[in-house]
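Everything on this sheet refers to the single structure shown next.
The values are calculated or read from the model by the stated rules, or taken from the named source; none is laboratory data. Computed from a prediction, not measured in an experiment: that's the story for all the values here. Positions of Cβ are generated from backbone atoms using ideal geometry, with glycine treated the same way; all protein chains shown enter the neighbour counts. Remember, those area values only see protein heavy atoms, side chains included, never the ligands or the DNA or RNA. Shrake-Rupley method; radii C 1.70, N 1.55, O 1.52, S 1.80 Å.
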Amino acid sequence: MAIDMSKFNKKQEEAILFGVDEDLLVSAGAGSGKTKVIAERVYRLVEEGLVVPEKLLVLTFTNNAAFEMRSRILDRFGKGNPFYERLLSSHIQSFDSFNAYIARQFAPVLKIPSSFQILPESIAEEMKSQYEQEALNEAYSNSEERKIIGDLLGKNGFKSDRQIEIGRAHV
């Protein structure tokens, strides 16, 4: 099934048609069509025989985004397509889950157990706060000094009241 390019703007079309000799980063704001563009790009590359489905690597930032990406790519092919089953073994995942996969594959070389677990962010934040408080208590035994330093650092580490956006990325 051909790709209907009338659904895409010029930059999106450029990303879909981009060759395979170089890596491609598709970057844009939320709701800009990144997932749709990447799904169409994967569809084109696989259908044209330019990539081997089992060797495909598509990385995104969150597990939810990776799930959505995988779902859209598989839906684009459909269960009856011969590439559908082959795509199930491709790497369409978050950076974190891909890094964990690589670490597990090379656990003996890294001298770590392959059954390692990644600390959930909520627990890591809790531990960080606990260690920061202990460090403040140890470094500043005077409660007034500790309060001043704690206020300067913020309750959970360094914080900023202002964020400066230096540009927007587009597909």
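For the reader, a short list of remarks on this structure follows.
- Portion, in percent, of the accessible area of the chain that falls on carbon or sulfur, probe 1.4 Å: 54 percent
- Sorting Tyr43, Tyr131, Tyr140 by solvent-accessible area of protein heavy atoms yields Tyr131, Tyr140, Tyr43, largest first, with a 1.4 Å probe.
- Cα-based helix-to-principal-axis angle, 143-153 vs the chain, degrees rounded to 10: 20 degrees
- For the chain, the longest principal axis of the alpha carbon atoms and the long axis of helix 95-105 meet at an angle near 90°.
- Residues whose amide H falls under 5 Å from that of Val58, counting only those 5 or more places apart or on a different chain, are His91, Ile92, Gln93, with hydrogens built in the peptide plane.
- Rounded to whole Hz, the Karplus (6.51, -1.76, 1.60) HN-Hα couplings of the stretch 28-44, x for glycine and proline: 5, x, 4, x, 8, x, 4, 4, 4, 4, 5, 4, 5, 4, 4, 4, 4
- Prolate/oblate/rounded label for the stretch 1-89 (Cα gyration tensor, a/c 1.5): rounded
- Other residues whose C-beta falls under 14 angstrom from the C-beta of Ala15 contribute a net charge of +2, scoring Lys and Arg +1 and Asp and Glu -1.
- Each residue of the stretch 74-89 was assigned a 3J(HN,Hα) from its phi angle through the Karplus curve 6.51 cos²θ - 1.76 cosθ + 1.60 (θ = phi - 60°); the sequence is 5, 4, 4, 7, x, 4, x, 6, x, 7, 3, 4, 5, 5, 4, 9 Hz, with glycine and proline shown as x.
- Using alpha-carbon coordinates, inclination of helix 121-139 to the longest axis of the chain, degrees: 30 degrees
- In this view, the solvent-accessible surface of Phe98, computed with a 1.4 Å probe and all protein chains in place, comes to about 40 Å².
- Counted charge near His91, where neighbours are those whose Cβ lies closer than 14 Å (Asp, Glu -1; Lys, Arg +1): +2
- Rounded to two decimals, the Cα radius of gyration of the stretch 105-146 over 2.2 N^0.38 Å is 1.88.
- Taking amide hydrogens as placed 1.01 Å from N in the peptide plane, the amide H of Asn81 sits under 5 Å from that of no residue at least 5 positions away in sequence or on another chain.
- With contributions of -39500 (n - 2.57) from each DSSP H run of at least four residues, the per-residue ellipticity at 222 nm computed over the chain stands at -15500 deg cm²/dmol.
- Accessible area per residue for the stretch 58-136 is 70 Å², calculated with a 1.4 Å probe on protein heavy atoms, without ligands, DNA or RNA.
- For the stretch 75-130, the fraction of alpha-carbon pairs in successive 10 Å shells from zero, as %: 19, 28, 29, 17, 6, 0
- Gyration tensor analysis over the Cα atoms of the chain returns equivalent ellipsoid semi-axes of 43, 23, 12 Å (largest first, whole Å).
- Net charge contributed by nearby residues that have their C-beta within less than 14 Å of Phe67 (K/R +1, D/E -1): -1
- Close amide H contacts of Ala28 (hydrogens built in the peptide plane, cut-off under 5 Å, sequence separation of 5 or more or a different chain): none are found.
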